[in-house]
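All of the numbers you see were taken from the coordinates with simple rules; none came from a lab. The shown structure was predicted, so the numbers you read here are calculated from the model rather than taken from an experiment. In this analysis, Cβ positions are derived from the backbone assuming ideal geometry, glycine residues included, and neighbour counts consider all displayed protein chains.
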Amino acid sequence: MVAEARLAEYLSIAGRGLSARIAEALSALGLPTQIPKDLSKEELIRAMQFDKKKAAGSVRFALPVDIGRVQVNVEVKDLELLFKEN
């Protein structure tokens, strides 16, 4: 969720700070806020490329706009952006 919120911020779908707010809420509940280091970025990207939401070289996401609101069918071609730290 935090990675998708960072992606939404980068794409200007969400305002700055949304990913931090989500990370804070998840941390307060004892939930993870980062993609586990032992998961290979390449394997995750490869898996997303076979996802049913893939279309014409893009993967479609439902990205958060704000807490409780999402924008659906956001096409992302550069999946490396999911791993981008602010």
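FRET efficiency for the pair Phe50 and Val70, taken as 1/(1 + (r/R0)^6) with r the Cβ-Cβ distance and R0 = 30 Å, rounds to 0.85. Rounded to the nearest 500, the helix-only mean residue ellipticity at 222 nm of the chain stands at -10000 deg cm²/dmol, with each DSSP H run of n ≥ 4 adding -39,500 (n - 2.57). Basic side chains Lys and Arg get +1 at the Cβ, acidic Asp and Glu get -1 at the Cβ, and with that the dipole of the chain about its Cα centre reaches some 200 debye. Here's the picture: charge each Lys and Arg Cβ at +1 and each Asp and Glu Cβ at -1 in region 1-76, and of Ala5, Val72, Ser27 the one pushed furthest to the positive end of that dipole is Val72. May I ask for the net charge around Glu80, where only other residues with Cβ less than 11 Å from the Cβ of Glu80 are counted and Lys, Arg are +1 while Asp, Glu are -1? That sum, taken over residues with Cβ under 11 Å, equals +1. Over all other residues within a Cβ to Cβ distance under 14 Å of Lys41, the charged ones net out to -3, with Lys and Arg as +1 and Asp and Glu as -1. Where does the charge balance sit around Ala20 when Lys and Arg score +1, Asp and Glu -1, over other residues with C-beta under 11 Å from its C-beta? Net of charged neighbours comes to +1.
Modelled spin-label separation between Ile35 and Arg16, with each label point placed 7 Å from Cα along the Cα-to-Cβ direction: 2.4 nm.
When the Cα atoms of the chain are aligned to their principal axes, the ranges along those axes come out at 37, 29, 21 Å in descending order.
Among Glu75, Glu24, Glu42, the residue with the largest mean-square fluctuation in a Gaussian network model of the chain, with springs joining Cα atoms closer than 10 Å, is Glu42.
Loop-located trypsin sites (Lys or Arg not before Pro) in region 1-68 (DSSP state not H, G, I, E or B) with no more than 16 neighbouring Cβ atoms inside 10 Å: Arg16, Lys37, Lys52, Lys53.
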